[in-house]
Amino acid sequence: MSFRASLAVLAGFFLLSAAFLALLVLSGALPMWMGLVFAVPIMLGVLSLYPISIIWVYRDANSRGKPGWAVALLVAFAYWPFGLLAWVIFRPEKPQGYRNLGAASFAGTPGQA
């Protein structure tokens, strides 16, 4: 699973969890204090997605030949989840000849000393 797909799954999980928790608290099926106990880990998860997504946007923009710092700042300050969604929808194609080496680019070539 790619990083982008993992990020989308995590974001969806946390947002659906928060919505379900809000429904339980508002319907009276869950006491307010218990809702807060469950809400803290969900909010920490959502808040951890913010810096991860900004780092991903920075790297993605650099790989596409755009200034990563400028795109990351725009996404960070453009109402965060909507700025991220806008970048994913409107980002340019990768340049011709681009190869995503991932972790293999840091491993070196086998047999070299």
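The values are calculated or read from the model by the stated rules, or taken from the named source; none is laboratory data. Since the structure is predicted, the reported quantities are computational estimates derived from the model, not experimental observations. With ideal geometry, Cβ positions are generated from the backbone for all residues, glycine too; neighbour counts draw on all protein chains shown.
Taking helices (runs of 4 or more DSSP H) as the structural unit, those lying wholly within the stretch 20-113 and holding at least 1 residues that are modelled with pLDDT under 80 and touching a helix residue (DSSP H, G or I) at 6+ places or on another chain (Cβ under 9 Å) correspond to 32-63, 80-90.
Taking the stretch 45-69 as the range and being without any contact (Cβ under 8 Å) to a residue 40 or more places away in the chain, of a type in the set (Ser, Thr, Tyr) and closer than 20 Å to residue 81 by Cβ as the test, the residues that pass are 48, 50, 58. Look at residue 73 and say whether it is closer than 22 Å to residue 92 by Cα and either under 20 Å from the mean Cα position of the chain (by Cα) or of a type in the set (Asp, Glu) (or both). Yes, satisfied.
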